[in-house]
Each structure stands twice: as structure tokens, then as C-alpha cells.
2 protein chains.
Amino acid sequence: MRRHILDSALRLFAEHGFKGTSLNDIAVEAGCSKASLLYHFAGKDAILTELLTSPAEGLSALSQELAVLDGDQAVEAAVAGYVGLAMRFHLEVKIIFAELPDMLGHPVLAVIPEAVGELADALAGRSEEPRARVTAQMVIGGVAVTVASEVDVARDTMRTELVRGALRTLGHPTS
Amino acid sequence: MRRHILDSALRLFAEHGFKGTSLNDIAVEAGCSKASLLYHFAGKDAILTELLTSPAEGLSALSQELAVLDGDQAVEAAVAGYVGLAMRFHLEVKIIFAELPDMLGHPVLAVIPEAVGELADALAGRSEEPRARVTAQMVIGGVAVTVASEVDVARDTMRTELVRGALRTLGHPTS
DNA sequence: GTCAGGGCTGACCGATCGGTCAGCTACGGT
DNA sequence: ACCGTAGCTGACCGATCGGTCAGCCCTGAC
């Protein structure tokens with residue numbers, strides 16, 4: 001039942017946003033009462049927290065892996081890792097990108113800015129040039145939006161083209 | 001005063017989202033009463049509508065320009081036009097991307113899906129291949145997110161690098 | 001002086017929000 | 001047979017939401 005609630009909440013949050021989804025909406029979708037939600041979870045924020053913990057941990061882990069890499073290795077690992085993470089958590093990505101500014105108060109998401117900073121740093125190949133920073137941001141946003149939008153292509157095609165497209169954006173020679 | 005209200009609303013909508021901003025918030029920011037807002041505007045939706053009319057028209061105009069182009073001309077015009085539009089309306093872009101799913105009901109934004117479709121078609125060089133469609137979506141998202149995020153670079157640097165990055169993403173030979 | 005009307009406001013409204021609480025049901029342990 | 005408890009619910013709460021309304025203030029026309 002907890003799992004059922006989380007699934008319903010994930011779908012609704014991704015579709016209408018966190019603030020755009022009421023506890024009643026989730027209860028109806030999950031087929032239970034609003035009071036039942038608050039028996040299983042401390043509150044609306046707790047539901048969001050539980051949904052976003054896993055992707056946040058994944059991002060945090062990726063940033064740690066990237067921290068010890070440099071140059072081409074860092075770029076390739078960053079692209080592959082980020083694309084994989086974004087595809088695995090595409091609904092969560094949609095939630096985060098839609099209402100990021102307000103959510104950074106949540107302790108679970110506190111790690112995101114630094115992790116994304118490390119990701120951008122790796123994507124930029126440790127370069128401080130404005131050109132590289134803009135390009136890195138383009139990759140981060142492009143992958144996220146593409147994954148969140150429902151483009152009608154096979155998953156492996158999507159993954160392959162996201163990686164290739166990101167490497168092209170970064171001006172990284174494709175093997 | 002109307003202008004002042006619109007400026008305040010634009011800033012707040014971009015920062016906290018449409019649903020995340022109350023009429024009271026706007027009134028405080030604008031330095032007037034909530035009732036005064038509703039004297040100048042028919043309602044909260046009317047404020048949003050007025051804010052998004054101009055970028056919607058710009059996007060619509062761009063899509064009409066693109067419709068008569070093909071091949072490389074279409075790609076280059078699409079990239080330049082979209083980057084220019086996104087930079088000019090970067091706050092509005094942030095609003096739209098944050099809560100797009102719910103907003104498409106508004107008549108003002110009804111033109112957006114088709115216009116974006118045309119834009120994606122031009123960016124893809126009129127190709128139907130999944131590869132080109134994914135790439136086009138990456139450009140649309142990458143430019144929007146980058147423009148909406150506050151990357152600390154000069155405006156002309158940003159514009160140049162966005163165009164160059166987009167063309168690289170599309171695999172378009174740079175002149 | 002006075003009157004009309006645009007700009008603006010405080011007080012108020014119904015609806016909906018997130019959250020609380022007492023109590024119901026079903027069931028496993030003893 | 002009895003009880004404790006986990007799962008769940010309807011009824012209710014205060015806060016806040018978008019929106020309404022009667023009326024105040026100020027200014028320009030006459």
C-alpha cells in the first residue's frame with residue numbers, strides 16, 4: 001500500500017507538479033482516504049522526500065565517482081552516468097526541474113546543488129572558460145528535458161542518442 | 001502601476017512558479033493591495049496571460065518563418081531565432097517550462113505545442129529519424145534551461161555559445 | 001463649490017488546502 | 001474467548017487561497 005501511494009504520488013507530481021497535486025488527488029489515485037496517506041507518511045513533504053531520496057543518492061554517488069576523474073575520462077563518465085541516471089529517474093527529474101527553486105530547502109535535496117556543480121565541472125572537462133560552462137549547462141538541461149518529455153523512441157535509442165548528442169554538444173570527439 | 005504589477009508578477013512567477021505565487025505575494029512585491037491587482041486585471045490567470053502573450057506571439061511568428069525554409073537554412077534560422085527568443089524572454093521561459101503541462105489549457109498558450117513542433121521539425125532538418133528528433137529536443141531543452149539558469153557570463157558570450165553549442169548538438173557544420 | 005469617476009482599499013466570502021483525531025475493523029498471539 | 005495492535009477512515013480544524021463588494025480618496029470639468 002505504501003508502494004501504491006508512492007507510485008500514484010510520483011505520477012501525479014510529475015504530471016501536475018508538487019504544489020499542483022493535493023493529498024486528495026493522491027488518495028483518489030491510490031484508491032484510499034486522505035487520512036490513510038497521513039498514517040503511512042508524516043506529511044506531504046515526507047512523500048516527496050521518499051520519492052526523491054533515491055535519485056538524490058544516485059546523483060551524489062555519481063558526483064563522488066566523477067571527483068577523482070579528469071579530462072576525457074571525466075567527460076565520458078559524466079555523460080554516461082548522467083544520462084543513465086536521468087533515464088532511470090525520468091519522472092523524478094521532471095518533478096525536480098519543475099519546482100527546483102523551492103525544493104532546495106528540503107534537506108534531502110541539499111546535496112543536489114553541489115552534486116550538479118561537480119557534474120557540470122566534469123562535463124566542462126575541468127575548464128573554467130565561460131564557453132565550457134555554458135555548454136555543460138546545455139547538456140544538463142537538454143538531457144533532463146528530453147528525458148522528461150515523452151519523445152516516442154525506444155529506450156536504447158534514446159540512451160544512445162542522448163550520449164552521442166551530449167558528446168557532440170561538448171565538442172568531444174566521438175569514438 | 002499596471003506595468004509595476006506585471007514586473008513583480010513576472011519576477012515572482014519565475015522564482016516560485018505560478019501556483020507557488022499568491023496574489024498577496026504579488027501585491028506586497030508591487031506595494032499595493034490584493035484588491036488593487038484585481039482592479040487592474042480580471043484575475044490571476046489574466047496576469048499570466050498578459051505576461052506570456054508576447055513570447056507566445058514571438059514563438060508563433062518564428063514558427064511561421066521557419067515553415068517556408070528547408071535543410072540547412074531551416075536549421076540555422078531555427079537555432080538563431082530560438083536562442084534569440086529564449087534570451088529575450090528568459091524569465092517567461094522559466095515560467096512556461098516549470099508548469100507547462102497545466103498551462104496548455106490557456107488559449108494564449110494553445111499555439112505553443114504546434115509552434116514548438118514546427119521548431120523541432122526545423123531543428124531536425126525535416127528529418128523523421130528518431131536520432132534527429134531526440135537531438136532537436138535536446139537543443140530545445142538545453143537552450144531553455146541554460147537561459148533560465150543564472151550562469152554568470154556576458155549576454156553576448158551566452159548567445160554565441162548557445163548558438164554554437166546547439167549547432168554542434170545537431171551535428172551541423174559550423175562556418 | 002460640487003459633482004463624476006478612476007484608482008485603490010479593508011473587510012469579507014466560499015472553496016480548498018495540509019493536517020489532526022477519535023474510533024472502526026480485522027487479525028494474530030496467548 | 002480475549003486482547004493488542006496495525007491499517008484505515010469520516011468528520012473536523014485552522015490557514016490560506018482566489019475573488020467580490022461597498023465605499024474611501026483624490027483630481028479635473030464645469
* Asked: From a point 7 Å beyond the Cα of B:Ser127 in the direction of its Cβ, which residues of the range B:51-76 have a backbone N at a distance under 13 Å?
  -> B:71-72, B:75
* To do: Please report Rg over Rh for the range A:1-153, where both radii come from the alpha carbon positions and Rh follows the Kirkwood definition.
  => 1.03
* Placing a label point 7 Å from Cα toward Cβ, how far apart in nm is A:Glu65 from its equivalents in the other copies, listed shortest first to one decimal? -> 4.3
* Comparing A:Gly31, A:Gly165, A:Gly81, which has the greatest mean-square fluctuation in the GNM of chain A with Cα pairs linked when under 10 Å apart? -> A:Gly31
* If you place +1 on the Cβ of every Lys and Arg and -1 on the Cβ of every Asp and Glu, how big does the dipole about the Cα centre of the range A:50-175 come out, in debye to the nearest 20? -> 340
* Asked: Which of these, B:Ala67, B:Ala136, B:Ala35, has the largest mean-square fluctuation under a Gaussian network model of chain B (Cα springs below 10 Å)?
  -> B:Ala35
* Asked: Near B:Lys19, which lysines are there with a Cα under 19 Å away, not counting those fewer than 8 places off in the same chain?
  -> A:Lys19, A:Lys44, A:Lys94, B:Lys34, B:Lys44, B:Lys94
* Asked: What is the extension gain from B:Lys34 to B:Asp70, computed as 0.36 nm multiplied by their sequence separation minus the C-alpha to C-alpha distance, in nm to one decimal?
  -> 8.0 nm
* Just from the alpha-carbon atoms, what are the Rg and Dmax of the protein assembly as shown in angstroms? -> 20.5, 62
* **Where only alpha carbons of the range B:77-175 are counted, the Rg and the Dmax (Å)** => 13.6, 41
* PRE reach from B:Glu15 (point 7 Å along Cα→Cβ): which of the range B:125-153 fall under 19 Å by backbone N? -> B:148-152
* **Theoretical FRET efficiency, 1/(1+(r/R0)^6), r = Cβ-Cβ of B:Asp7 and B:Thr160, R0 45 Å, to 0.05** => 0.95
* Taking chain A as a Gaussian network, where each spring joins two C-alpha atoms under 10 Å apart, which residue of A:Arg133, A:Arg155, A:Arg11 fluctuates the most? -> A:Arg155
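Taking a temperature of 10 °C and a viscosity of 1.306 mPa s, what whole-number D in µm²/s does Stokes-Einstein yield for the range A:80-132 with Rh from Kirkwood over alpha carbon pairs?
128
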* On a C-alpha basis, how far is the centre of the range B:101-139 from the centre of the range A:104-165 in Å? Whole number, if you could? => 20
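Taken together, the values in this text are just the output of simple stated rules run on the coordinates, not laboratory data. Given the structure is predicted, the values throughout are model-derived calculations rather than measurements. Note that each Cβ is placed from the backbone with ideal geometry, even for glycine, and that neighbours are counted across all protein chains shown.
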